[in-house]
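Asks: The structure is given below, and queries will be raised subsequently.
Please treat every number below as a calculation from the coordinates, not as lab data. Nothing here was measured: the structure is a model prediction, and the numbers come from that model. Positions of Cβ are generated from backbone atoms using ideal geometry, with glycine treated the same way; all protein chains shown enter the neighbour counts.
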Amino acid sequence: MKHCDNQFSIEEIEMLCRLYLGCQLSMLEETELEYVLMLCDFHSPLIDETRELMALSHSVEFAKKRKKHSSLRAWVMSAAACAAIALGAFTIYHHFNNTNINSHDDYCIVYVAGERADEEKAHIIAEADVAKMRQFMLTVNEQQAQEEAKVEQFMNHINQSR
């Protein structure tokens, strides 16, 4: 990628933005695009939207090292994470069903396979995700009950052998 001393045309920058939104750039290319967008004063709906989406990526931090957890603790943590995701998905779904998106300053942009999805498709995706989360939560609860029964059986066995 060239450095941006106004060496890029608006068409070239928009092409890079489309590649970014289509998840077709490497991490290095994304970083370079971000640098170019910070230096250039070009504006278009596509460029501004890409700038806005890139600003969200700075708030994400990744853990440096993962600790090993016991299987029961891991299941409990997974269940809690799934519950939080399900609650978030339900809140978004509930918000879209009970309000008109144009009546607020808040809005949500959804991309599926690099293409911008309309509101109806976003609702369908959210409903499918909520259904998957409910099914997953049922499975987690069943497995947690099985693990607790095994622990109880083990504890009873130890108490009986004393």
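Asks: When the convex hull of the C-alpha atoms of region 115-162 is computed, what volume per residue in Å³ does it have? Mind showing how you got there, number by number?
Replies: Working: hull volume 2.7 nm³, N = 48.
Output value, Cα hull per residue: 56 Å³.
Asks: Go ahead and run the numbers for FRET between R162 and A80, Cβ-Cβ distance against an R0 of 41 Å, rounding to 0.05. Walk me through the intermediate numbers first.
Replies: Details: r = 35 Å, r/R0 = 0.85.
The value I calculate is 0.70.
Asks: Can you divide the C-alpha Rg of region 6-56 by 2.2 N^0.38 Å and report the result to two decimal places? Can you show the working numbers first?
Replies: On the way: Rg = 9.7 Å, N = 51, 2.2 N^0.38 = 9.8 Å.
My calculation over the Cα atoms of region 6-56 gives 0.99.
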